[in-house]
Amino acid sequence: MRSKILIITALLLASFVPAWAQQALVVEAKMDSSVLWMGEQTVIHLSLTQDANQQVVFPEIVASSELVKGVEVLDISQPDTTELKNDRLQIKQDVLVTSFDSGFYYIPPFKYVFDEDTFATESLGLKIVPVDIAPEATAADAKDIKGVATPPFVLWDFMPTWVWVLLLVCALIAVAVVLVLKFYKPKHALATEDVVEQIPPYELAIQGLQELRDSKLWQQGQEKQYYTRLVDILREYIDSRFGINAMEMTSAEIIRALKQNSDMREVNSYLNDILSMADFVKFAKMRPLPDDNERVMRRAFDFVELTRPQPSVETDDATNEKNDKSNQ
């Protein structure tokens, strides 16, 4: 009889244990930092673990109010629910707090209510450390809040968008005009350049000598400029006519280079006389006589004339044939 009673009691207890286990709640409260400077903030993390079908009443916490006297609630987050195993839920909530009064504050447990039972977290402690103030600071050093400052007037701030667009277009037009003036050459200018490039070295040399003679430099006492320009004209002519880089050579080097051409032996004496006289004037500061100046100019004309390229026989025949056809 006694054994039957024990069996029945065990069965009754077994039927009530699962129902009690499903109703068990786990609550927890943690704080990021328990020691703060005045005005600093910390977060209290609240956690509740319950069965999915349970209706639990959360502790009443209102933002912009005091959690306890001296500890202000700045913000409280929405509950964040996570599903666990065995049909259980974990609900988390964060409470942001601060304090502007130094001291130690006791934060009582947070209470959750389920049916007629109350489940409380552990209590928390918060220490607020005062901020040190310099000893010399007094009430006289306190400054009032400044009024609204008037910003300085800046023209660019008041310019509408279309003005900026107009300025940009003007800048682009100016750049285009500069590029056109720099790189674009009209057809007549190109034609002029082609004509200049096609002038034979002989004609350029004769033209340069005539201009130098008409300038009357040595008659004005500018013998050095006269001979410098005369030699430059002949150097440019030799460079173009014979392909000798006379502009970079000395007088002796030019004479040696021309001696290698058998056709130039007859006129080398002319060029040698001109270059020697020019070196005396430029480096020895000699002042030649008027007859010497005239003789050097005649020698320059003779040198250019005697070294003038002669037209080929084929060219003459073609010219004569062309003239015959035109006469017919």
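Couple of notes before you dig in:
- Projecting label points 7 angstrom from Cα along Cα→Cβ for residue 98 and residue 127 puts them 2.2 nm apart.
- Computed over segment 199-306, relative contact order equals 31 percent, with contacts defined as Cα pairs under 8 Å that lie 6+ residues apart.
- Segment 198-216 and segment 69-107 have Cα centres separated by 103 Å.
- Measuring r between the beta carbons of residue 30 and residue 144 and using R0 = 41 Å, the FRET efficiency lands at 0.45.
- Additional length obtainable on full extension of the chain from residue 77 to residue 117, 0.36 nm per residue less Cα span: 11.9 nm
- Translational diffusion of segment 199-306 was estimated from the Stokes-Einstein equation, with Rh taken as the Kirkwood radius over Cα pairs; at 25 °C and 0.890 mPa s the coefficient is 176 µm²/s.
- A crude spin-label estimate for the pair residue 164 and residue 211, with each label 7 Å from Cα along the Cβ direction, gives 5.4 nm.
- The distance between label points at residue 180 and residue 90 comes to 7.6 nm (points 7 Å beyond Cα on the Cα→Cβ vector).
- Compactness of segment 27-97 - radius of gyration and Dmax, Cα, Å: 14.0, 45
- At R0 = 25 Å, FRET efficiency that the Cβ-Cβ distance of residue 298 and residue 248 yields, to 0.05: 0.35
- Over 21 Å between alpha carbons, listed pairs 216/282; 92/127; 224/259; 85/111; 30/85: 92/127; 224/259; 85/111; 30/85
Every read-out reported here was derived from the displayed coordinates using simple, explicitly stated rules and does not represent laboratory data. The model shown is predicted, which means the values in this text are computed figures rather than measured ones. Neighbour counts run over all protein chains shown; Cβ positions are idealised from the backbone, glycine included.
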